[in-house]
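Just so it is clear, none of the values below were taken in a lab; they were calculated from the coordinates. Keep in mind that what you see is a predicted model, and the values were worked out from it rather than measured. Note that each Cβ is placed from the backbone with ideal geometry, even for glycine, and that neighbours are counted across all protein chains shown.
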Amino acid sequence: MKTLEAKELRHMPTLLLQLSYPTSDPEYAATILRSIEELGVEALELEDTGSLRLIGKGFRNIVLVGVKGGVKVALKVRRSDYAEKSTWREAYMLGLANRVGVGPRLLGHSGPVLVMSLVKGIDLSKWLLHESYSPHEAKQTLLETARQCHMLDQAGIDHRELSDATKHVIVTEEGPVVIDFGSAAPSSHPKNLTSLMNYIYSKPLEDVRTRLGLAKMDRERLRRYKATYSREDFEALLATVGLL
Ligand SMILES: Nc1ncnc2c1ncn2[C@@H]1O[C@H](COP(=O)(O)OP(=O)(O)OP(=O)(O)O)[C@@H](O)[C@H]1O
Ligand SMILES: [Mg+2]
């Protein structure tokens, strides 16, 4: 894969403008480049076409691939049309999630740019609906995702975008990773596991549930979990659905 040294971008106006998405604003692009350099990102990955490699395009950010300390990393860059340009809040929440072993590893943040470990894998929904796996493997993946949701719940961090886990859980060879703490907030009533359970028990996953032999969800067990967030109630809930 081709890369371009970050400092070279200054002399390549067309590529530089790609940093300011969707409006090509030279000033904003220059601000982003300064942040990238400040973060010690040495290079950016390029597509074969020569443009910057874009691995994600959300409503609020674009995600690029860079190199930092010789290792490939993900760069989350605020879009020019998103009001909140600072990544400070998101970095803070991701840092808290990292403390309980959840999320891509936060490697730094500066202004509109956040650097984190690059997660290589497939969206959970795509994985569940289209990949080949054994029921055991799929149950382990869901159990591990649930365990991470439980860790976030216990830490008082609400991800707030997990009911559609489609885009925010990536299944890697080492297991699932919860991404995007852009909407996460401290909460005394986090709904991470609740959201994940609602997702697992949603209509599109009906066939998957049958294939894995999951039992009907006991709503009372879920209510009990939400009242205590205890490990015992977590395990009891997962046991009744057949994930533990
Ligand atoms: N650390 C990462 N490693 C690999 N890919 C990532 C990483 N973070 C984000 N992505 C990719 O970029 C996409 C957009 O990232 P993210 O959801 O964090 O941005 P967003 O602007 O909040 O998007 P949206 O507004 O659509 O939720 C993700 O769906 C994922 O495919
Ligand atoms: Mg997102």
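Which of the GluC sites (Glu not before Pro) found in region 123-161 are loop residues per DSSP with 13 or fewer other Cβ atoms within 10 Å of their Cβ?
Numbers: sites: E131, E137, E144, E161; in loops: E131, E161.
Here the sparse-neighbourhood loop sites are E131.
Partner aspartates and glutamates whose Cα lies under 20 Å from the Cα of K2, excluding those fewer than 8 positions away in the same chain, are identified as E37, E42, E45, E47, D48. Treating region 122-241 as a set of equal point scatterers at the Cα positions, no solvent, please give the Debye-formula log₁₀ I(q)/I(0) at q = 0.10, 0.12, 0.17, 0.23 Å⁻¹. Once normalised to I(0) and log-transformed, intensities are -0.27, -0.39, -0.82, -1.48.
What are the semi-axes of the equivalent ellipsoid of region 9-117, taken as the square roots of 5 times the eigenvalues of the Cα gyration tensor, listed largest first and rounded to whole Å? Don't skip to the answer; put the middle values down first.
Values: eigenvalues 96, 50, 29 Å².
Taking √(5λ) for each eigenvalue gives 22, 16, 12 Å, largest first.
Give me the tail of P(r) for the chain as a percent: Cα-Cα pairs with distance above 26 Å. Tail of P(r) above 26 Å: 43 percent of Cα pairs. What you get for the chain, charging only the Cβ of Lys and Arg (+1) and of Asp and Glu (-1), is a dipole of about 460 debye around the Cα centre.
Per-residue ellipticity at 222 nm from helix content only, as computed over the chain with -39500 (n - 2.57) for each DSSP H run of at least four residues, stands at -11500 deg cm²/dmol.
Using a cutoff of 8 angstrom between alpha carbon atoms and counting only pairs six or more residues apart, the relative contact order for region 9-117 works out to 22 percent.
For region 1-94, run through the chymotrypsin sites (Phe, Trp or Tyr not before Pro) and keep only the ones in DSSP coil with at most 12 other Cβ atoms within 10 Å of their Cβ. Sparse-neighbourhood loop chymotrypsin sites (Phe, Trp or Tyr not before Pro): F59. Do the alpha carbons of any pairs in K72/K226; K68/K120; K167/K191 sit beyond 27 Å of each other, and which pairs? Pairs exceeding the cut-off: K72/K226. Under a model in which nothing but the beta-carbon of Lys, Arg (+1) and Asp, Glu (-1) is charged, region 9-117 shows a dipole of about 380 debye around its Cα centre. Taking every DSSP beta bridge that has both ends in the chain, the antiparallel portion is near 100%. Extension gain, H136 to M12, is 39.6 nm, computed as 0.36 nm per intervening residue step minus the present C-alpha separation.
Between the C-alpha center of region 91-147 and that of region 177-199 there is a gap of 12 Å.
Extension gain for the segment T210 to R223, taken as residue separation times 0.36 nm less the Cα-Cα distance, is 2.3 nm to one decimal.
Taking R0 as 51 Å, what's the FRET efficiency between T3 and E232 from their Cβ-Cβ distance, rounded to 0.05? Computed FRET efficiency for T3 and E232: 0.55. Label-to-label distance for R34 and L244 is 5.0 nm, based on points extended 7 Å past Cα in the beta-carbon direction. Length gained on full extension, I55 to R99: 13.2 nm, using 0.36 nm per residue less the C-alpha separation.
Just flag the GluC sites (Glu not before Pro) in region 164-244 sitting in loop per DSSP whose Cβ has no more than 10 other Cβ atoms within 10 Å. In loop regions of region 164-244 (DSSP not H, G, I, E or B), the sparsely surrounded GluC sites (Glu not before Pro) are E173, E174.
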